[in-house]
1. What's the total number of residues in the range 331-363 that are under 21 Å from residue 44 (Cα atoms) and in contact with a strand residue (DSSP E or B) (Cβ under 8 Å, 6 or more places away or on another chain)?
2. Tell me which residues, restricted to the range 95-118, are open to solvent by less than 60 Å² (accessible area, probe 1.4 Å), in a strand (DSSP E or B) and closer than 21 Å to residue 70 by Cβ.
3. May I ask you to say which residue of 229, 177, 204, 151 is in contact (Cβ under 8 Å) with a residue 40 or more places away in the chain, in a strand (DSSP E or B), within 30 Å of residue 291 (Cβ to Cβ) and among the small types (Gly, Ala, Ser)?
4. Among the residues of the range 438-451, which ones are closer than 15 Å to residue 485 by Cα and touching a residue at least 60 places away in the same chain (Cβ under 8 Å)?
5. Kindly evaluate residue 445 against the criterion of being modelled with pLDDT of 95 or more, closer than 19 Å to residue 233 by Cβ, of a type in the set (Gly, Ala, Ser) and buried (at least 17 other Cβ atoms within 10 Å of the Cβ).
6. Which residues, taken from the range 428-445, are in contact with a Ser or Thr (Cβ under 8 Å, 6 or more places away or on another chain), assigned to a loop (DSSP other than H, G, I, E, B) and not charged (D, E, K, R)?
7. Right, residue 161: surrounded by fewer than 19 Cβ atoms within 10 Å (Cβ to Cβ) and either of a type outside the set (A, V, I, L, M, F, W, C) or at pLDDT below 95 (or both) or not?
8. Only one of 264, 238 is open to solvent by 10 Å² or more (accessible area, probe 1.4 Å), over 20 Å from residue 75 (Cα atoms) and either in contact (Cβ under 8 Å) with a residue 40 or more places away in the chain or in contact with a His (Cβ under 8 Å, 6 or more places away or on another chain) (or both). Can you tell me which?
Amino acid sequence: MSKKLTKRAEDYSKWYNELVVKADLAENSAVRGCMVIKPYGYAIWEKMQAELDRMFKETGHENAYFPLFVPKSLFEAEEKNAEGFAKECAVVTHYRLQNDPDKPGKLRVDPNAKLEEELVVRPTSEAIIWNTYKGWIQSYRDLPLLINQWANVVRWEMRTRLFLRTAEFLWQEGHTAHATEQEAIAEAEQMMDVYADFAQDFMAVPVIKGLKTPSERFAGAVETYCIEALMQDGKALQAGTSHFLGQNFAKAFDVKFASKEGKQEYVWATSWGVSTRLMGALVMTHSDDNGLVLPPKLAPIQVVIVPIYKGDEQLNAISEKVNPLVKELKAKGISVKFDNRDTHKPGFKFNEYELKGVPVRIAIGKRDLENGTFEIARRDTLEKQIVNADEVVAKIEFLLDDIQKNIYKKAADYRANHITEVNSYDEFKEVLESKGGFISAHWDGTAETEEKIKNETKATIRCIPMDAKEENGSCMLTGKPSKNRVLFAKAY
């Protein structure tokens, strides 16, 4: 199986697109801008989903499901939100097709089946959910309301890329209601922390927690919290967002509650979400010129065993040795595949599992049977070693843990080497072009300066880091006073 992947150094974008397709994660569909997530890619997403879902439930959230369609009048109710998403909306105007009298065998939209009110295909669900919450919340006893949904959304994108930006994508969206402002802010910050923990502990992706600038905030939010990751090409990727919505949606949909004192008050709100974009982050953070490198905690197959044999007799002898090992690994919760297909040679299988990023590969042949050994290869460093049969389980457990730590360390080291402090605009532009990564610089806090830098360099303020120290300085562009540094980068 020849991989023939473009090298990252030659064309990072082409490498990414080829890898997603060749590793069987996803492919473009017949619908422009939409993707088909293939079983192997979906298996990774399912593992992400399972861990996130567990983390949401541990923090007191429940899952529900809300409609795909949002009446236009509801969508318009919160003006900033409607305005922010208006250009990306797919809209349903009719509810029936009919045979086309002018083109036999073809269909047309029935002109008499126009909807009384257009329906927006959800780009995000605040409108339909807050309209629903109005009926669910009457008293302080109904709060907090902590709901999450797993769903698909549509944002009509013109320029698409598998996982990173598609017209339809999968995600989760949390929507919560609280009695006080402090509670809602604490919720938004907590969910940013949950996302950061997931990215770092499971995806092995180091992230920076921060606040978005007003111009980069979610439409309708008072404050947007985010986690920002750095890809191997020096571009940033927003890996998750959590929004403090204030009372904007409560006021737009008239969601009030009777307080303990009997007063009618508007609730305080949050929303937060991550999407299949995390799949793109996973691929771009760790993978190499040989294919995917998956963190063991999210790999659909953690260990693959490839037999090297001639004839059924040798395969049977190998299988007798391997089957108890498979059973023991599965009992320990390790996902393992014994690839005894006779339709492909061992070399093909080695290439296939390397391309698919399986963390640990075991080979066993005639000599191993005689010596009571296994050959073990780790995907992250491509190192191989011979291990005695009685030590193999402990070795596998060690490797799965070590690979998880090692790929995180590698990504963290890369990021540490790609955060650069600059003090002048010329220095900023030079670092942006020659090195990339996050650039830490003073900014005067104005949207005008932010916009000018974006237009001239394509770099945006990724976030104001949560741990940013107060440091008096002057804006690299205007020279005006600044209280702290922010992080700029080119981004996906």
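1. Within the range 331-363, residues that are under 21 Å from residue 44 (Cα atoms) and in contact with a strand residue (DSSP E or B) (Cβ under 8 Å, 6 or more places away or on another chain) number 17.
2. Matches in the range 95-118: 115, 118.
3. Exactly one residue qualifies, and that residue is 229.
4. Listed by number, the residues that qualify are 438, 450.
5. no
6. Within the range 428-445, 437, 443, 445 qualify.
7. Yes.
8. 238
The values are calculated or read from the model by the stated rules, or taken from the named source; none is laboratory data. Remember, it's a predicted structure, so these values are computed and weren't measured experimentally. A quick note on method: Cβ atoms are made from the backbone with ideal geometry, for glycine too, and the neighbour counts reach across all protein chains shown. Side chains included, ligands, DNA and RNA excluded: accessible areas come from the protein's heavy atoms. Shrake-Rupley method; radii C 1.70, N 1.55, O 1.52, S 1.80 Å.
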